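Every number in this text was worked out from the coordinates using simple rules, so none of it is lab data. Keep in mind the model is a prediction, meaning the values are calculated, not measured. Positions of Cβ are backbone-derived with ideal geometry, glycine not excepted, and every protein chain shown enters the neighbour counts.
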Amino acid sequence: MTDKLELFERRKALKAKVAELKKDIDGIDAQLEERYLTKAKDHLATTGKDFGTIYFFDGNTEIKAVVTKKVEWDQGVLMQAFNEMSAEDAQHYAKMTLAVDERKYTAAPPHVRRILEPARTTRVGSFSVEIKEE
């Protein structure tokens with residue numbers, strides 16, 4: 001069986017390698033984006049699109065570029081828009097998530113916590129273990 005200290009040391013060394021490799025990959029990705037993002041957007045524009053997958057050539061090399069979209073919604077404006085819709089339409093289009101900040105829950109008075117308790121579930125989020133270094 002592998003000694004526990006050896007496991008921690010191997011994991012520490014691998015994490016360092018992964019971090020270094022991720023940094024290298026991020027640098028390469030930044031160079032590729034600088035080289036190809038504008039070209040990809042220009043090619044997409046010729047098809048009437050701002051986002052999507054496009055193939056084009058750089059010399060003799062065929063490049064596949066994927067430009068994804070990320071949508072963000074202004075919460076205040078969105079709430080106003082839903083208030084102006086019929087309840088049925090708002091219910092169809094809206095996706096609502098309610099949550100209570102854990103710090104506020106633990107600081108809440110007992111009568112508020114009693115009301116919220118049935119809606120609250122706790123579970124393990126993640127797990128990590130380290131050796132305490134001195």
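Measuring between their Cα centroids, segment 58-74 and segment 27-43 lie 8 Å from each other. Label point 7 Å out from T61 along Cα-to-Cβ: which residues of segment 35-54 have amide N under 12 Å? Of the residues in segment 35-54, 35-36 have backbone N under 12 Å from the label point off T61. Using just its DSSP H runs of length 4 or more, each adding -39500 (n - 2.57), the chain gives a mean residue ellipticity at 222 nm of -17500 deg cm²/dmol after division by all residues.
Scanning the chain for trypsin sites (Lys or Arg not before Pro) in DSSP loops with at most 11 other Cβ atoms within 10 Å, what's the longest stretch left with none? The partial results should precede the final answer.
Numbers: sites that count: K69, K70, K95, R120, R123, K132.
Between exposed loop sites, the widest span is 1-68.
About the Cα centre, and with charges only on the beta carbon of Lys, Arg (+1) and Asp, Glu (-1), how big is the dipole of segment 15-134? Nearest 20 debye, please. Mind showing how you got there, number by number?
Values: 19 positive and 21 negative charges, 93 e Å.
Its charge dipole is roughly 440 debye.
Considering only the Cα atoms of segment 15-113, their convex hull presents on average a projected area of 13.4 nm². Here's the list of lysines a cross-link from K4 could span, going by alpha-carbon distance under 23 Å and ignoring same-chain residues fewer than 8 apart: K12, K15, K17, K132.
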